[in-house]
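The values are calculated or read from the model by the stated rules, or taken from the named source; none is laboratory data. This one's a predicted model, so the numbers in the text were calculated from it and none came from an experiment. Virtual Cβ from ideal backbone geometry, glycine too; neighbours counted across all protein chains shown. The area values use the complete protein model at the heavy-atom level, side chains included, leaving out ligands, DNA and RNA. Shrake-Rupley method; radii C 1.70, N 1.55, O 1.52, S 1.80 Å.
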Protein chains: 2
Amino acid sequence: MLRSASIKDVANHARVAVGTVSNVLNNPDRVSPRTKDRVLQAIEELGFVRNDAARQLRAGHSRTIGLIVLDVGNPFFTAVARAAEDAAALHGSAVLLGDSGHDAGRESGYIDLFQEQRVQGLLISPVGDVEERLDQLRERGVPTVLVDRLADDASYSSVSVNDVEGGFLAARHLLDIGRRRLAFVTGPTSVRQFADRLEGARRAVADVSGASLEVVESDGQTVLAGRGMGDQLVGRSADKIPDGIFCANDLLALGVMQSLAMTHTFRIPEDVALIGYDDIDFAVSAVVPLSSIRQPTEAIGRTAIELLAEELDETHPRHRAVVFTPELVVRQSTAGAAV
Amino acid sequence: MLRSASIKDVANHARVAVGTVSNVLNNPDRVSPRTKDRVLQAIEELGFVRNDAARQLRAGHSRTIGLIVLDVGNPFFTAVARAAEDAAALHGSAVLLGDSGHDAGRESGYIDLFQEQRVQGLLISPVGDVEERLDQLRERGVPTVLVDRLADDASYSSVSVNDVEGGFLAARHLLDIGRRRLAFVTGPTSVRQFADRLEGARRAVADVSGASLEVVESDGQTVLAGRGMGDQLVGRSADKIPDGIFCANDLLALGVMQSLAMTHTFRIPEDVALIGYDDIDFAVSAVVPLSSIRQPTEAIGRTAIELLAEELDETHPRHRAVVFTPELVVRQSTAGAAV
DNA sequence: CTGATTCTTTGAATCGTTTCATTGTTACGA
DNA sequence: TCGTAACAATGAAACGATTCAAAGAATCAG
């Protein structure tokens, strides 16, 4: 078990000073071609690999960016993460991915970890009350960009999608196709995104007389949770069943759909129209292809990195809040049955 | 923009030696309660956070484990990754996730990155020809465990699932329900897993006289690639259409299903029975709930970490190859139509 | 009160890289 | 041949945590 070769070993082997080896690696133009060749050959022969810890220690910070998402099991977040990784790679940084799983404790654990790792900056979809932590990070020179969440004040940059608008679009679409007894199936409304989508849905419903909106809340936001809530809906007496269901995300919608499909009592969309949120790749291949509200995942991830880069470049950055507009995607789960 | 407080700052503030601060953090019992309190208070007041780079530099290795998967867009791999993260957390390590995207170049890039980071060990689903790199890593004391891939020789530990068996199960199931003109829709057969599944399918077909197996190969393995191949199948003259399709993974299967569903010419499973592989969460909520071959993702991730832990503990570890057995899950896409 | 023993605390050395002031070398015009 | 740039190479210092031999303090038996 060899100890890895260090820059000093390389220097000895090539009969140059350590500073020269460092220059070959970081400022190749400053080194004469002959010396450079000798050093490169030594590197090759010894199989030298830079020690990133030492480099970071000297530099005072790493070349990594931390990203904390709410749920890696949700394709929406993996899509955002991939876009962020690609964009970060262009800036020469790597992205460390942390999954809070909607848990404030885990979230806090990742913030600790990233802080110990001296990440350059942090992208986060916050769960808990992290303002204070983030302020503290910023004082230490670690900027944060909020992802999928509008910054409350102007002290943070953020990338978000207008969830109120999205909720409005979804509910109005259900109303447009003649549904009046709507249900909003959601995870905890303490999650800002869900609360906003509900808010939007409420507005749409308020515009139409005779329309009602029931809120069905669960503590999960997975396919399984959706199935549970679907079962609950299906078990009701017929006159209590909504004719339009808007789910706070596609996972919930797919779960509800499974449940409806399993009991063959209700047809989608004839008896119950169903719309989700996020437009994940799997929405289109659902039992009944799922209508949804599309969010521009690629742009979200890319923009988050760009905003972070701005904060890193400037000494007194102006914080920006970029808000994207969601888009209605109509598929079979709400098709046909127009008024 | 404050420089973060260092252990030395804490020491000054608490009027003790740096070694004492270090002991408070790492060997609390060696420090008298009074001193400990003073140090802890100083840490609190200065908002001290350990610098992981310095710690690693001294220790010679990090507390991280690298995991390189073939495709984070595939829920199979995210499920394995999550299990690995949970298991690693129990050992006090964090997992860095890299996505090679079936690209040998990106794979190599992540190996470089992880090597620079001095990860404790590496879990990898290899794409390219990485044996040599891995041998080199091991010489440096960085053990590797192969994931979702049986080790060729006994020099590596590995966790895999018997893909030949899985392919056999899938194809035999199609044969059992009376299908004879089978097609294997797959990504590149240079991917070991796909090649093995094909091998298994071939064996099953060879057992039944009058049965045939056509291989439809694409260079992708996503939902989109599946759709492309589905379109190609659907465009054929009716007598050239297979009556049983086995897809090398569920993403391909969902794509093929979309394509079949869009042209309303063929019914699933009556005209064409369809089975996928991996049994991802979304399989059950597909247009037609998808039959599949289930792999124990949780056990794979957990076992990978355990094998790695064994390699790290022992000086001359015995390498172990753990092989799980896949399981047939029958749903509607192949149901009914028994002979 | 002494010497032995245990418990605390100290601080210099170390890890591997980068930086930068300094020294050494080369080339060229005068 | 000399002086002066321009260019190359050097190596000590610094980053921040951990380690460990050694010194110092406290305790206790005799």
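Quick look at the values:
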| quantity | calculated |
| --- | --- |
| Estimated FRET transfer efficiency (A:Ala321, A:Ala59; beta-carbon r; R0 22 Å; 0.05) | 0.10 |
| Exposed trypsin sites (Lys or Arg not before Pro) absent - longest run of chain A, DSSP non-H/G/I/E/B, at most 11 other C-beta within 10 Å | A:16-235 |
| Mean separation of Cα contacts under 8 Å, 6 or more apart, over the residue count of chain A: relative contact order % | 17 |
| Most fluctuating residue given options A:Gly128, A:Gly230, A:Gly47, as computed from a GNM of chain A linking Cα atoms under 10 Å | A:Gly47 |
| For the range A:72-78, 3J(HN,Hα) per residue [Karplus equation, 6.51 cos²θ - 1.76 cosθ + 1.60, θ = phi - 60°, Hz, x = Gly/Pro] | 6, x, 9, x, 4, 6, 5 |
| Among B:Ile124, B:Ser160, B:Pro143 - extreme Cα towards positive end, dipole of the range B:107-213, charges at beta-carbon | B:Ser160 |
| Sites B:Glu214 and A:Asp207 - FRET efficiency at Förster radius 56 Å, r taken between beta-carbons, to 0.05 | 0.50 |
| Nearest-20 debye value, the range A:93-201 charge dipole, Cβ charges on Lys, Arg, Asp, Glu | 520 |
| Cα-based shape type of chain A, given that a ≥ b ≥ c are square roots of the gyration tensor eigenvalues and the cut on a/c is 1.5 | prolate |
| Threshold 10 Å², the range B:283-305 residues less accessible with all protein chains present than alone (1.4 Å probe) | B:Val284, B:Ser285, B:Ala286, B:Val287 |
| Within the accessible area of the range B:171-307 (1.4 Å probe), percent carbon and sulfur | 48 |
| Accessible area (Å², per residue) of the protein assembly as shown, counting only protein heavy atoms and a probe of 1.4 Å | 43 |
| Hz values of 3J(HN,Hα) by residue in the range A:186-200 - Karplus curve (6.51, -1.76, 1.60), Gly and Pro given as x | 9, x, x, 6, 6, 6, 3, 4, 5, 4, 5, 5, 4, 3, x |
| Residue (of B:Thr315, B:Ala94, B:Pro75) at the positive-pole extreme of chain B, dipole from beta-carbon charges | B:Ala94 |
| Distant-in-sequence amide H partners of B:Ser218 (H built 1.01 Å from N, under 5 Å) | B:Thr186, B:Gly187 |
| For B:Ser237, label point 7 Å along C-beta direction: distances to other copies, nm | 6.2 |
| In order through the range B:9-14: 3J(HN,Hα) via Karplus (6.51 cos²θ - 1.76 cosθ + 1.60), integer Hz, x for Gly, Pro | 4, 4, 4, 4, 4, 9 |
| Residues in the range A:56-79 occluded by at least 50 Å² - accessible area, probe radius 1.4 Å, against chain by itself | A:Leu57 |
| About the Cα centre, charge dipole magnitude for chain A (Lys/Arg +1, Asp/Glu -1 at Cβ), debye | 960 |
| A:Asp29 versus B:Ser32: modelled label distance in nm, points set 7 Å from Cα along the beta carbon direction | 6.0 |
| Other-copy label distances relative to A:Leu224, 7 angstrom Cα-Cβ extension, nm | 3.2 |
| Rounded, prolate or oblate (a/c below 1.5 giving rounded, otherwise prolate when a/b exceeds b/c) for the protein assembly as shown by Cα gyration tensor | oblate |
| Interface residues in the range A:135-151 - accessible area drops by 50 Å² or more relative to the isolated chain, probe 1.4 Å | A:Arg140 |
| Modelled FRET efficiency - R0 41 Å, B:Ser155 with A:Glu139, Cβ distances, 0.05 increments | 0.25 |
| Size of charge dipole - the protein assembly as shown - debye, nearest 20, with Cβ of Lys, Arg +1 and Asp, Glu -1, no other charges | 1180 |
| Nearby aspartates and glutamates by direct alpha-carbon distance to B:Lys36 (threshold 16 angstrom, same-chain neighbours under 8 apart not counted) | B:Asp9, B:Glu44, B:Glu45 |
| Prolate/oblate/rounded label for the range A:1-109 (Cα gyration tensor, a/c 1.5) | prolate |
| Accessible area buried, both sides summed, chains A and B with 1.4 Å probe, Å² | 4000 |
| Solvent-accessible surface ranking, highest first, for B:Asp129, A:Asp148, A:Asp196 at 1.4 angstrom | B:Asp129, A:Asp196, A:Asp148 |
| Nitroxide proxy distance, nm - points 7 Å out along Cα→Cβ at B:Ala104 and A:Glu132 | 5.4 |
| Normalised contact order of the range A:7-50, rounded percent, pairs of Cα under 8 Å and 6 or more residues apart | 42 |
